[in-house]
1. Of all residues in the stretch 31-48, how many are of a type in the set (D, E, K, R) and either touching a His at 6+ places or on another chain (Cβ under 7 Å) or closer than 24 Å to ARG76 by Cα (or both)?
2. Hey, any hits in the stretch 54-62 for a residue that's within 10 Å of the chain's Cα centre (by Cα) and within 16 Å of GLN23 (Cβ to Cβ)?
3. Hey, can you tell me all the residues within the stretch 24-56 that are over 24 Å from PHE92 (Cα atoms) and in contact with a helix residue (DSSP H, G or I) (Cβ under 8 Å, 6 or more places away or on another chain)?
4. Please determine, by comparing only the residues of the stretch 65-98 that are of a type in the set (Gly, Ala, Ser) and part of a helix (DSSP H, G or I), which one is surrounded by the most Cβ atoms within 10 Å (Cβ to Cβ).
5. Hey, among the residues in the stretch 14-42 that are over 12 Å from ILE87 (Cα atoms) and not aliphatic (A, V, I, L, M), which one's modelled with the lowest pLDDT?
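The values are calculated or read from the model by the stated rules, or taken from the named source; none is laboratory data. None of these values were measured; they are calculated from a predicted model. FYI the Cβ positions are ideal-geometry reconstructions off the backbone, even for glycines, and counts take in every protein chain you see.
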Amino acid sequence: MIRGICLFVAVFLLLYIGVASAQNMLLDLVANKVVQKYQGSTCEQLWQERAQQQGKPKPAQEQEFIQILRSDPQLRSEFINRVAAPIANKMFECGMIP
């Protein structure tokens, strides 16, 4: 009986760690992609993309990731901490923010 409980707890912990690890990998992937997009784009490209995307729905994967961020404040905070400075700096350089 005790072995069964210990095994259940061990499996539960491994699953929990696996899910947390997968979320961190997804966060790393998306954050790096966003930062690279802004750092690798010219101001003109960013302005054109901004104009083209107004009013268009976001891709399904992007909407799904946004929903994950909305439901997990800690993950959202980590994502924003990673992408905010590079995005804000580029937008400032391009005159997109005062």
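1. Residues that pass the stated criteria total 2.
2. Within the stretch 54-62, not a single residue is within 10 Å of the chain's Cα centre (by Cα) and within 16 Å of GLN23 (Cβ to Cβ).
3. LEU26, LEU27
4. Top of the filtered list is ALA88.
5. In this case the residue turns out to be TYR16.
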